[in-house]
1. Can you find a residue in the stretch 129-143 that is surrounded by fewer than 19 Cβ atoms within 10 Å (Cβ to Cβ), closer than 30 Å to residue 48 by Cα and either modelled with pLDDT under 95 or over 13 Å from the mean Cα position of the chain (by Cα) (or both)?
2. Identify the single condition in (1) in contact with a helix residue (DSSP H, G or I) (Cβ under 9 Å, 6 or more places away or on another chain); (2) buried (at least 23 other Cβ atoms within 10 Å of the Cβ); (3) farther than 30 Å from residue 207 by Cα that residue 164 does not satisfy, given that it satisfies every other one.
3. Can you pull out the residues in the stretch 65-83 that are in contact with a helix residue (DSSP H, G or I) (Cβ under 7 Å, 6 or more places away or on another chain) and in a loop (DSSP other than H, G, I, E, B)?
4. In this structure, does residue 86 turn out to be under 23 Å from residue 191 (Cα atoms) and either part of a helix (DSSP H, G or I) or modelled with pLDDT of 95 or more (or both)?
5. Exactly one condition in (1) over 11 Å from residue 56 (Cα atoms); (2) modelled with pLDDT of 95 or more is false for residue 203; which is it?
6. Suppose we keep only residues that are part of a helix (DSSP H, G or I) and either closer than 9 Å to residue 120 by Cβ or in contact (Cβ under 8 Å) with a residue 40 or more places away in the chain (or both) within the stretch 89-101. Which one would you say is farthest from the chain's Cα centre (by Cα)?
7. Determine which member of the set 127, 181, 186, 212 is farther than 19 Å from residue 76 by Cβ and assigned to a strand (DSSP E or B).
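The values are calculated or read from the model by the stated rules, or taken from the named source; none is laboratory data. Computed from a predicted structure; not experimentally measured. Every residue, glycine as well, gets a Cβ built from its backbone with ideal geometry; the counts of neighbours run over all protein chains shown.
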């Protein structure tokens, strides 16, 4: 199921995801050091496939609000061997992941999907004040196929309009559990790589937000850097 593109995507991204004063500080390197991206690989239920879970690592007091891309800082996910997308997830995100179906359709657990902090829909997660992510995208450059079409090999958000999946600052699932917030599951027979930009709300009241960029190849922990 394709989420309808919004004509006002640019305004929504700027207002909900990228608004606010710059979070640049004199000690940018030490600030960015508090954030990492972690990619973990496990065997999928289907032989020959692997699930890659992509997590943001951050202090318990901070919150992830958005994953985004622009022409200045593209959002990229690459899986050269092609991703697995289940027919039974009717969404591009965790909102279509229903654990009631897992026993009857176990391969559904291998689905490739975007998220912010949830493995099932917010309604079924048991997390109070949880919120399924919302997507905005450039109508001329849709990117949700990576999370809906079987065999897709890449996602790129690199237009001036940009794009994002995000939750509001008040969403409980933006807060880390054991220091982590899950951002996506990608299932493929090969490797994954890419670059992700995050909007993070820190605990410090005098700082509106940080925007942090991560580049990664394969599994491991990858440091972030502050971007404007």
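1. yes
2. In the conditions (1) in contact with a helix residue (DSSP H, G or I) (Cβ under 9 Å, 6 or more places away or on another chain); (2) buried (at least 23 other Cβ atoms within 10 Å of the Cβ); (3) farther than 30 Å from residue 207 by Cα, residue 164 misses (3) alone.
3. So the first thing to find is which residues in the stretch 65-83 are in contact with a helix residue (DSSP H, G or I) (Cβ under 7 Å, 6 or more places away or on another chain), and the list is 65-66, 68, 77, 83.
Result: no residue meets the conditions.
4. Answer is yes for this residue.
5. Every listed condition holds for residue 203 apart from (2).
6. Among those residues, the one meeting the criterion is 99.
7. Values: 127 fails: assigned to a strand (DSSP E or B); 186 fails: farther than 19 Å from residue 76 by Cβ; 212 fails: farther than 19 Å from residue 76 by Cβ.
Just one listed residue meets the conditions, 181.
Here is a yes/no grid of residues against (1) farther than 26 Å from residue 210 by Cβ; (2) surrounded by fewer than 22 Cβ atoms within 10 Å (Cβ to Cβ):
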site	(1), (2)
56	no, no
64	no, no
74	no, yes
81	yes, yes
87	yes, yes
98	yes, yes
102	yes, yes
107	yes, yes
